[in-house]
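For reference, the structure discussed in these notes is given below.
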Amino acid sequence: MCVLVVPDEMKQSKEYTEVFEAYWKEQQRDNSELVATERGKDRSFLSMVKKSTKQ
């Protein structure tokens, strides 16, 4: 996790707000894609385990 310290005068800037919002939306999208990828990996692993224990 990263902590960003921003001066108050910068926080009040419209440009800062727009750039930060775009960055945050991109981060959220990346997180959902990573979760979906991990779920796929987990499912394939569990499927393999189930097949090997049935035999």
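The values are calculated or read from the model by the stated rules, or taken from the named source; none is laboratory data. Source: prediction; values computed, not measured. Note: areas computed on protein heavy atoms with side chains; ligands, DNA, RNA excluded. Shrake-Rupley method; radii C 1.70, N 1.55, O 1.52, S 1.80 Å.
Roughly how tilted is helix 14-54, in degrees to the nearest 10 and between 0 and 90, from the longest Cα axis of the chain?
For helix 14-54, the angle is close to 10 degrees.
Counting only heavy atoms of protein chains, what accessible area per residue, in Å², does the chain have with a probe of 1.4 Å?
Each residue of the chain exposes 100 Å² on average to a 1.4 Å probe.
Compute the length gained on full extension between Glu9 and Asn31: take 0.36 nm times their separation in residues and subtract their Cα-Cα distance, giving the result in nm to one decimal.
Full extension of this stretch gives 4.9 nm more.
Accessible area of the chain with a 1.4 Å probe: how many percent of it is carbon plus sulfur?
Here carbon and sulfur together make up 58 percent of the probe-accessible area.
Could you calculate, for the chain, the ratio of the Cα radius of gyration to the Kirkwood radius, expressed as Rg to Rh?
Here the Rg-to-Rh quotient is 1.39.
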